[in-house]
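What follows is a set of notes on a single structure, which appears directly below.
The values are calculated or read from the model by the stated rules, or taken from the named source; none is laboratory data. In this text the structure is predicted, and so the values were computed from the model without any measurement. Cβ coordinates were reconstructed from backbone atoms using ideal geometry, including for glycine residues, and neighbour counts include every protein chain displayed. The accessibility values were calculated without ligands, DNA or RNA, using every heavy atom of the protein model including side chains. Shrake-Rupley method; radii C 1.70, N 1.55, O 1.52, S 1.80 Å.
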Amino acid sequence: MRTPLIAGNWKMNGLRSDAVRLADELARHLPDLHGVEVVVCPPFVHLEAVKQPLTGTAIAIGAQNCADAALGARTGEVAAEMLADLGVRHVILGHSERREYYAEDDRVIAARYQRAMASGLVPILCVGETLEQRDAGRSEAIVEAQIRGITDLIGADGLGAGVIAYEPVWAIGTGRTASAEQAQSMHRFIRECLATIEGHDGAAERRLLYGGSMKPDNAAKLLAMEDVDGGLVGGASLNAEGFAAICAAVPRG
Ligand code: PGA
């Protein structure tokens, strides 16, 4: 049984007061959760501030990245140990914005993944093709290469309890969502690919999230798909009511 997971990626949005207000509203809209895990990922500097309003709720806190090295001389970075120490439970890694704007490659993403695991965090590893790659019929090859790029470096066992988020780059922040069928077909492919890497049982248990313009009005269809185990929600996670509606759209077994 894969427990569905809805993760909100706040990206680089909001000042401290906005983060506290959003967390407060989420606590009111999602006072208790059944059959779904929910995590919100604010910017690093707001992690501490959202703790208090979320205390007593089942909403977990995640980060949007972590360093590829242990505590030490890495100016400007935030170590996984520091996040775990703050009470952070999840960390998004390899997001397409990190790959594109900060030139993160498989090597650095794999190292971040290992640091996250060593600190007891649950990595949410993002993969996904660009529109150009999709149009060229290369979606599956790209996504497989992104997954193998990490597992070749950390080993199949290194994946641990990590989660994989399929986020087609052309659907992120564009309002253009993959259809439920497109998402299902890629998720099925990812699970098959994982089966060859980590074996059938591991692949059957691994949670696969869909990300890319998931909204209250399209979430139910996407989340109803057999291999879609939740969502990584960007823009729509900045509105508490909308985010709660997405969480409520998770099918209950
Ligand atoms: P979006 O972002 O929901 O705004 O498309 C998703 C993401 O980048 O994780």
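Structure data summary
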| quantity | calculated |
| --- | --- |
| Every residue from segment 182-216 that is of a type outside the set (A, V, I, L, M, F, W, C) and in contact with a strand residue (DSSP E or B) (Cβ under 7 Å, 6 or more places away or on another chain) | His187, Arg191, Arg206, Arg207, Tyr210, Gly211 |
| Filtered residues of segment 106-140 (kept if in a loop (DSSP other than H, G, I, E, B) and within 16 Å of the ligand (Cβ to nearest atom)) | Gly128, Glu129, Thr130 |
| Looking only at segment 1-17, and only at residues there that are within 16 Å of the ligand (Cβ to nearest atom) and farther than 14 Å from Ala236 by Cβ, the one that is surrounded by the fewest Cβ atoms within 10 Å (Cβ to Cβ) | Met12 |
| Extreme residue, nearest to Gly8 (Cα to Cα), among residues of segment 81-101 that are among the small types (Gly, Ala, Ser) and more than 13 Å from the chain's Cα centre (by Cα) | Gly87 |
| Scope segment 34-45; condition open to solvent by 10 Å² or more (accessible area, probe 1.4 Å), at pLDDT 95 or above and closer than 22 Å to Asp229 by Cα; matching residues | Val36, Glu37 |
| Top-ranked residue of segment 86-105 - restricted to ones that are of a type in the set (Val, Ile, Thr) and within 16 Å of the ligand (Cβ to nearest atom), ranked as surrounded by the fewest Cβ atoms within 10 Å (Cβ to Cβ) | Ile92 |
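This table checks each residue for (1) more than 15 Å from the chain's Cα centre (by Cα); (2) more than 16 Å from the ligand (Cβ to nearest atom); (3) at positive phi.
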residue: Asp152; (1), (2), (3): yes, yes, no
residue: Gly155; (1), (2), (3): yes, yes, yes
residue: Leu209; (1), (2), (3): no, no, no
residue: Glu226; (1), (2), (3): yes, yes, no
residue: Cys247; (1), (2), (3): no, no, no
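Let's see how each residue does on (1) in contact (Cβ under 8 Å) with a residue 24 or more places away in the chain; (2) open to solvent by 60 Å² or more (accessible area, probe 1.4 Å); (3) within 16 Å of Leu238 (Cβ to Cβ):
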{"position": "Ala19", "(1), (2), (3)": "yes, no, yes"}
{"position": "Ala23", "(1), (2), (3)": "yes, no, yes"}
{"position": "Asp32", "(1), (2), (3)": "yes, yes, no"}
{"position": "Glu77", "(1), (2), (3)": "no, yes, no"}
{"position": "Ala84", "(1), (2), (3)": "yes, no, no"}
